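Q: Got a structure for you, written out below as structure tokens; questions coming shortly.
Nothing in this text is a laboratory measurement; each read-out follows from the coordinates by a stated rule. Just so it is clear, the model here is predicted, and its values are computed rather than measured. When we count neighbours, we look across all protein chains shown, and the Cβ atoms used for this are built from the backbone with ideal geometry, even at glycine.
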Amino acid sequence: MTTKTILCIPGNWTDRNEIVSSIAENNLNEFIFAGMILLNLKTNQGFKLEICERDDRMRNSFKWAGMTNQLSDDFLNEIDKHNFVIYLSYETGNIESALEIAKAGKAILKSGGIGIKVESAGKAFMKEHWIHLLTDFEESNLYEMYVLDSISNEQGHIYSCGMHNLGLKDTIIVGEDFNDAITLIKSFNYFVLMDKPKLKENHTFSPSEEWPTFKITEQKNQPNKDHELFGNTFGMWNLEKASR
């Protein structure tokens, strides 16, 4: 099973030719852009690259997607000055492919990109932050790059979005304190990513001895089930106190 990861990268390039030359000059022997493909010369992997004209909605889009990372007004003003937007897309669904497109995004940032937004999670970053996460890379960094774990809706559901970029189920909690729910979701998702357990219905989980035990079940009705970018094709786990 696969999914599609999409990265959005605005920049101040003057035209398409500058984009092509900047990628080649800033990624010698690593990446080139030809046709509609950004090619990793070391792995021979190709990423679809689409160049779009300026988008007046981009500043606001980065503002909302960047709330978790507290993007500054100065940075958002830089985003607003962009001339073009690059969209990178790649079939993902595992840790390795998520890392590969993350590196491709870094190549565009090195070539004049201002910042980066994971369209398939709704999470935005300053250039330096994204590059740092790849320079001092640990597998757990992929969680920070691709997953939001503090989403709530009017029904009182608190859930994560973006685990599908890593080939994993998202997590939802109902009826718990907001901050406790976020702590639990983050702890559980990290456990799934790093320990790679073989989870089944009615298994249990607890972040620590101080926490109650939670029963794990499949959530059939995902909040973003039919959303093209946010829907998780791998599914969603529901955590509920085992005593209930």
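Q: Quick check on the chain: helices-only [θ] at 222 nm, where DSSP H runs of length 4 and up contribute -39,500 (n - 2.57) each and the sum goes over total residues. Nearest 500, please.
A: Working: 7 runs with 76 residues, N = 244.
Calculated from helices alone, the mean residue ellipticity at 222 nm is -9500 deg cm²/dmol.
Q: Which loop-located GluC sites (Glu not before Pro) does the range 174-224 contain, where loop means any DSSP state but H, G, I, E or B and the Cβ has at most 10 other Cβ atoms within 10 Å?
A: Details: sites: Glu176, Glu201, Glu209, Glu210, Glu218; in loops: Glu176, Glu201, Glu209, Glu210.
Listed in order of number, the matching sites are Glu201, Glu209, Glu210.
Q: Still on this structure, I have one more. Give, to the nearest whole percent, the P(r) tail of the range 126-213 beyond 18 angstrom, counting all Cα pairs. Each step should come with its number before you reach the end.
A: Values: 1888 of 3828 pairs.
That fraction is 49 percent.
Q: Just list whichever of Lys123/Lys198; Lys169/Lys215; Lys81/Lys127 have alpha carbons separated by over 22 Å in the model shown.
A: Lys123/Lys198
Q: Right, something else. Would you mind telling me which residue in Asn83, Asn179, Asn165 has the biggest mean-square fluctuation in a Gaussian network model of the chain, where springs connect alpha carbons within a distance under 10 angstrom?
A: Asn179
Q: In whole Å and largest first, what semi-axes does the C-alpha gyration tensor of the range 97-244 yield when each eigenvalue is scaled by 5 and square-rooted?
A: Values: eigenvalues 167, 51, 37 Å².
So the equivalent ellipsoid measures 29, 16, 14 Å along its semi-axes.
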